[in-house]
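Taken together, the values in this text are just the output of simple stated rules run on the coordinates, not laboratory data. Predicted, not measured: the structure shown is a model, and the values here were computed from it. As a convention, Cβ positions derive from the backbone with ideal geometry for all residues, glycine included, and neighbour counts pool all protein chains shown.
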Amino acid sequence: MKPLADATYDGQPVGERGRYTNLDIEYIRQRWDLRAERWASDLGDPSCHLNRDNSYSLYLDAMLATLERLPQPIPGGVVDLGCGTGEMLYAVRDRFPWSTGIDISPRMLDLARTRLGTGSMLIEGNVFEADCIPAGCSAIISRGVLLSHYGAENGLTLLKILRGRILDAGILILDALNKEDPDLPHNKTGYGLKELAEMAAMSWFSRVELIAPPTRSSLFVAFAP
Ligand SMILES: C[S@@+](CC[C@H](N)C(=O)[O-])C[C@H]1O[C@@H](n2cnc3c(N)ncnc32)[C@H](O)[C@@H]1O
């Protein structure tokens, strides 16, 4: 039998949950740097596990539909947390007066720079450190299940930081792994609407809602101030 330490999920060895929950950012940065070169082609490959349940395009569709609810003209900018190679930011940025992508991986950011040119600000930073996230956002988006990688305690810290960065008529849109998924990797945190609603209340968001029917593996959610 294959030893557990050698098994991987999303390219990362299982058993490294502690690296995320302990915010071992240097280690995490190196792992994502190594994945950067193949990221865009993996996303474009329908058979790649990243596209399980068609989650990439489902998130994109749900996000675009939800952004329609923002007041017009949109007063604040958009920030993409863990922007990777910049695809999501590219899809939404023209609606906003300014756009910023944040990522810990310099290699991901190099590729995002090629994709986005000079039209978006790109910041190398750890989103769990409040200083790197600009204030005055009409939308904060994030695709890549950060709450599931880093766990509920760090997730709550992040939500509290983000609440302080979003305008009162703004919106936070993110994804999370579904706790009902029988294949939920044991080193990741799954959520249901109840857990997310509790976290929203503790971080002074007044509302959280599913913005698409849950898939087996993922939930797509919007938090409103
Ligand atoms: C699953 S990938 C998603 C990339 C992109 N959002 C997409 O949908 O293609 C997660 C991204 O989050 C970044 N990331 C992970 N932890 C982070 C942190 N603490 N702060 C900033 N970025 C982080 C990684 O470098 C990686 O680019």
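Neighbour counts of other Cβ atoms within 10 Å put Lys194, Lys179, Lys188 in the fewest-to-most order Lys194, Lys179, Lys188. Compactness of the range 22-63 is given as radius of gyration and Dmax, 13.0, 33 Å, from Cα positions. Under the criterion of Cα pairs below 8 Å and six or more residues apart, the relative contact order for the chain equals 18 percent.
For Ile211, the residues whose amide H sits under 5 Å from its own are Phe220, Val221, Ala222, ignoring neighbours fewer than 5 places away on the same chain, with H placed 1.01 Å from N.
Can you tell me the alpha carbon radius of gyration of the range 88-191 divided by the globular rule-of-thumb value 2.2 N^0.38 Å?
1.13
Ordering 120-133, 207-220, 95-108 by mean Cβ neighbour count within 10 Å, with the highest value first, yields 95-108, 207-220, 120-133.
Extending 7 Å from the Cα toward the beta-carbon at both Gln72 and Ala135 defines two label points whose distance is 3.0 nm.
Multiply the residue separation of Asn22 and Glu198 by 0.36 nm, subtract the distance between their alpha-carbon atoms, and state the gained length in nm to one decimal. Intermediate values should be presented prior to the final figure.
On the way: separation 176, 0.36 × 176 = 63.36 nm, distance 2.24 nm.
Once the chain is fully extended between Asn22 and Glu198, it gains 61.1 nm.
Starting from the Cα gyration tensor of the range 16-224, take the square roots of the eigenvalues, sort them a ≥ b ≥ c, and report rounded, prolate or oblate (rounded when a/c is under 1.5, otherwise prolate if a/b is larger than b/c, else oblate). It is rounded, given that a/c, with a ≥ b ≥ c, falls under 1.5. Ordering Pro182, Gly155, Ile74 by the projection of their Cα atoms onto the charge dipole of the chain, which places +1 on the Cβ of Lys and Arg and -1 on the Cβ of Asp and Glu, puts Ile74 at the extreme positive end.
Mean residue ellipticity, 222 nm, helices only, the chain: the sum of -39500 (n - 2.57) across DSSP H runs of n ≥ 4, divided by residue count and rounded to 500, is -11000 deg cm²/dmol.
Pop the C-beta distance of Ala91 and Thr157 into the FRET formula with R0 = 45 Å and round what comes out to the nearest 0.05.
On the way: r = 28 Å, r/R0 = 0.62.
After rounding to 0.05, the efficiency reads 0.95.
Quick one: check the C-alpha center-to-center distance for the range 19-77 versus the range 146-179, whole angstrom. Centre-to-centre distance over Cα atoms comes out at 14 Å. Of the GluC sites (Glu not before Pro) found in the range 24-114, those that fall in a DSSP loop while having at most 10 other beta-carbon atoms within 10 Å are Glu68. Among the lysines of the chain, pairs at least eight places apart or on separate chains and with Cα atoms under 20 Å apart come to 4.
How big is the dipole moment of the chain about its Cα centre under a simple scheme where the beta carbon of each Lys and Arg is +1, that of each Asp and Glu is -1, and everything else is neutral? Debye, nearest 20, please.
On the way: 23 positive and 29 negative charges, 38 e Å.
Here the chain has a charge dipole of around 180 debye.
Each of Asp168 and Glu180 was given a label point 7 Å from its Cα along the Cα-to-Cβ line. The distance between the two points is 3.6 nm.
Restricting attention to the range 16-224, close to 35% of DSSP beta bridges with both partner residues there are antiparallel.
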